[in-house]
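Written out below as structure tokens is the structure these notes cover.
The values are calculated or read from the model by the stated rules, or taken from the named source; none is laboratory data. What you see is a predicted model, and the numbers here were worked out from it, not measured in a lab. Reconstructed Cβ throughout: ideal geometry from the backbone, glycine too, with neighbour counts over all protein chains shown. Protein only, heavy atoms only, side chains kept; ligands, DNA and RNA dropped before computing areas. Shrake-Rupley method; radii C 1.70, N 1.55, O 1.52, S 1.80 Å.
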Amino acid sequence: MTTEQTTKYWYALYTKPRWEKKVHELMRQRGMESYCPLNKVRKKWSDRYKIVEEPLFKSYVFIRAGEQERNTVRFVEGVVNFVYWLGKPAVVRDEDIEKIKRFLNEYGDVLVEPIENLKPGTDVIITSGVFMDQSAKVVSDRNKTVILEIVSLGCRLVAQVPKEQVMPVGRADK
């Protein structure tokens with residue numbers, strides 16, 4: 001086996017809707033390193049409030065796999081496919097997984113407050129949240145969120161981000 005075949009990288013898997021936790025557990029049962037980022041959210045029932053854990057990324061789970069393991073992942077129940085970039089499964093940097101873990105350990109159920117309108121094409125820096133310190137470009141501006149294009153992960157991601165978590169490039173007042 002070559003070094004390339006034994007080296008393990010993080011990959012994003014696209015799952016069936018609401019299968020994130022199940023796929024994560026199935027991967028772990030198969031001895032694979034898997035990560036399903038869970039956000040602690042306060043939910044109201046008719047008689048009480050309860051903190052529940054919901055997947056941070058709907059229909060996505062991260063796995064750390066080598067070349068040989070990658071070939072069997074698609075056959076796990078609930079897995080739709082890898083997230084692809086330029087015809088290959090997109091690799092997620094170790095640092096990005098660590099940022100997500102640190103963020104979720106520190107925050108949960110974040111409140112969103114709108115800021116100024118951001119025009120499409122504006123370059124921004126994400127100031128907090130999962131993609132903290134990442135550069136992005138505004139695709140569209142919504143009421144309390146902006147749709148951003150993030151290219152630094154080795155693939156083009158389009159994410160809806162709370163406005164309070166972005167700052168136009170060149171602004172230093174935050």
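Key figures for this structure:
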{"quantity": "Surface per residue (accessible, 1.4 Å probe) for the range 1-93, Å²", "calculated": "65 Å²"}
{"quantity": "Interchain or long-range residues, amide H under 5 Å from VAL92's placed H", "calculated": "TRP10, TYR11, ALA12"}
{"quantity": "Length released on extending from VAL80 to ASP141, taking residue separation times 0.36 nm less the Cα-Cα span", "calculated": "18.9 nm"}
{"quantity": "The range 9-47: GluC sites (Glu not before Pro) falling in loop per DSSP and having at most 12 other Cβ within 10 Å", "calculated": "none"}
{"quantity": "Probe 1.4 Å, all protein chains present, accessible-area order of VAL41, VAL151, largest first", "calculated": "VAL151, VAL41"}
{"quantity": "Heavy atoms of ASP94 accessible to a 1.4 Å probe, total area in Å² rounded to 10", "calculated": "70 Å²"}
{"quantity": "Entries of LYS16/LYS99; LYS16/LYS101; LYS58/LYS101; LYS44/LYS101 with Cα pairs more than 19 Å apart", "calculated": "LYS16/LYS99; LYS16/LYS101; LYS44/LYS101"}
{"quantity": "Sequence-distant residues sharing a close amide H with PHE82 (under 5 Å, placed H)", "calculated": "TYR14"}
